[in-house]
Amino acid sequence: MNADVIVIGAGIIGSACAHELARAGLDVLVLDARLGGATNAGMGHLVVMDDNPAELTLSHESLKLWHDWAPRMNADCAFTSCGTLWLASNDAEMAAAEEKKVRLQAHGVSCELLNAAALAAAEPMLHSSLAGALKVNGDSVVYAPSAARWLLTQAPRAIAFEQAEVTAIDGARVRLADGSWRSAGAVLLAAGMQATRFCPELPLRPKKGHLAITDRYPGTVHHQLVELGYISSAHHSDGTSVAFNVQPRPTGQLLIGSSRQFDTIDPAVEPAMLGRMLRRALDYLPALADLNTIRTWTGFRSATPDSIPIIGRHPQRDGLWLAVGHEGLGVTTAPATARLLAAQMTGAALPFDAEPYSAHRFQKTP
Ligand SMILES: Cc1cc2nc3c(=O)[nH]c(=O)nc-3n(C[C@H](O)[C@H](O)[C@H](O)COP(=O)(O)OP(=O)(O)OC[C@H]3O[C@@H](n4cnc5c(N)ncnc54)[C@H](O)[C@@H]3O)c2cc1C
């Protein structure tokens, strides 16, 4: 079969790209080895992040698309528009919340400040010493593995899928583990952390994260709760860090994060790191001490040096396109990644400037 595009990887990024390419009228073949990737391991918080303009554009545009998709998604996707509360533990963090509010509102993101009393009313289980919060209304939650499946199976034009491991990319054709070849007009590499197997020149580093989930306690927490310090202690950090991040699942379970570690590819749960993460969570949500945690696991984010994904044409290899390096925000940013990539590949008008995401930014000038 000769497709217009072969997509390698059916995580949230490959699935969203396949969906958008099919929507643009292309014949798409998706190949996935079912290796289990970040999409299966992550938290699924859909959050507007504003560390830099490129991230803000990608996440904000994506949230709009998630809200467009939500009414059509099936119940398995567990889309919940719960909003995020960015928690301030003191006056300095409250000032940071105010600055964040101004930045987000300037981009049309709906948000509001809550003082200590309003925060206590919204989330009574939080520690009473908190100074307040910034509430971002449109932020949401999705169950990413189901959303990826929905994107593949509910595209406006049927997407072909093969469960197969790709072992080589040669121009616009790929070799599978059984030795057979598939060819197309172009190949899109969306293999998450595995992308460096085919493109070792890509500057991607694994960033390990731990998660824990409790038994069912409906009504304990109503919003995704994140400490404001998360931005500096976790997202920018180059070393090991933990930050308070709790998500209410529609089942009544609480999903607890987050930790970040470079320089390890060992998937084992590390008791010391998990303990550090849970102690941080108790600082904000003391009631967690009485709840039963039923499972813990780890996953790997694929991080670029500037924490912005690589979206677009491979700078040297004709026929090869890239959608990789989405770090801890790939579920959020999958829709706008896919819109941008599909526009680039089909020559349509770009939805926003593609330059900040180009692989060219990592090319060394002689
Ligand atoms: C602990 C943790 C928490 C997170 N929390 C959030 C969050 O709250 N919000 C958010 O937006 N993001 C979050 N993320 C990040 C998000 O999960 C990732 O950015 C996103 O899932 C990346 O998707 P992907 O499709 O690029 O990669 P992956 O999900 O890793 O998918 C890659 C796919 O490629 C396939 N593949 C690889 N090699 C081959 C091959 N040779 N042949 C065929 N197929 C192949 C694999 O089988 C896999 O299905 C989190 C990540 C982690 C680890």
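The values are calculated or read from the model by the stated rules, or taken from the named source; none is laboratory data. Just so you know, these numbers come straight off a predicted model, no measurement behind them. FYI the Cβ positions are ideal-geometry reconstructions off the backbone, even for glycines, and counts take in every protein chain you see. To get the accessible areas, we keep the full protein, side chains included, count just its heavy atoms, and leave off ligands, DNA and RNA. Shrake-Rupley method; radii C 1.70, N 1.55, O 1.52, S 1.80 Å.
In terms of its alpha-carbon gyration tensor, the range 55-133 comes out oblate; a/c meets the 1.5 threshold, while b/c is at least as large as a/b. For CYS82, the residues whose amide H sits under 5 Å from its own are VAL141, ignoring neighbours fewer than 5 places away on the same chain, with H placed 1.01 Å from N. When both the range 135-187 and the range 43-81 are represented by their alpha-carbon centers, they are found 19 Å apart. Estimated from the Cβ-Cβ distance and a Förster radius of 35 angstrom, the FRET efficiency linking ASP283 and HIS67 is about 0.60. The range 250-286 and the range 1-38 have Cα centres separated by 32 Å. Here's how it looks for LEU35: its modeled amide H is under 5 Å from none belonging to a residue 5 or more places away or on a different chain.
Relative to the current alpha-carbon distance between ALA348 and ALA95, full extension at 0.36 nm per residue lengthens the span by 86.9 nm.
Protection proxy ranking for 324-330, 133-139, using the average of other Cβ atoms within 10 Å per residue and placing the highest first: 324-330, 133-139. Taking a threshold of 26 Å on the Cα-Cα distance, which of the pairs LYS101/LYS207; LYS64/LYS101; LYS64/LYS100 fall above it? LYS101/LYS207, as the Cα separations exceed 26 Å there. Under 5 Å from the amide H of ASP170 lie the amide H atoms of ARG175, each residue being 5 or more positions distant or on a separate chain, with H modelled from the backbone and absent for Pro and chain starts. Heavy atoms of the protein chains alone define the surface here; on that basis the range 81-167 has 45 Å² accessible area per residue at 1.4 Å probe size.
Projecting the Cα atoms of GLY330, VAL246, THR39 onto the dipole axis of the chain, where Lys and Arg carry +1 and Asp and Glu carry -1 at the beta carbon, places THR39 farthest toward the positive end.
Going by the alpha-carbon gyration tensor, a ≥ b ≥ c the square roots of its eigenvalues, is the range 149-218 rounded (a/c under 1.5) or, if a/c is not under 1.5, prolate (a/b greater than b/c) versus oblate? Note, shape of the range 149-218 comes out oblate. In whole percent, how big is the carbon plus sulfur part of the accessible area of the range 1-131, probe 1.4 Å, protein atoms only? Here it works out to 51 percent.
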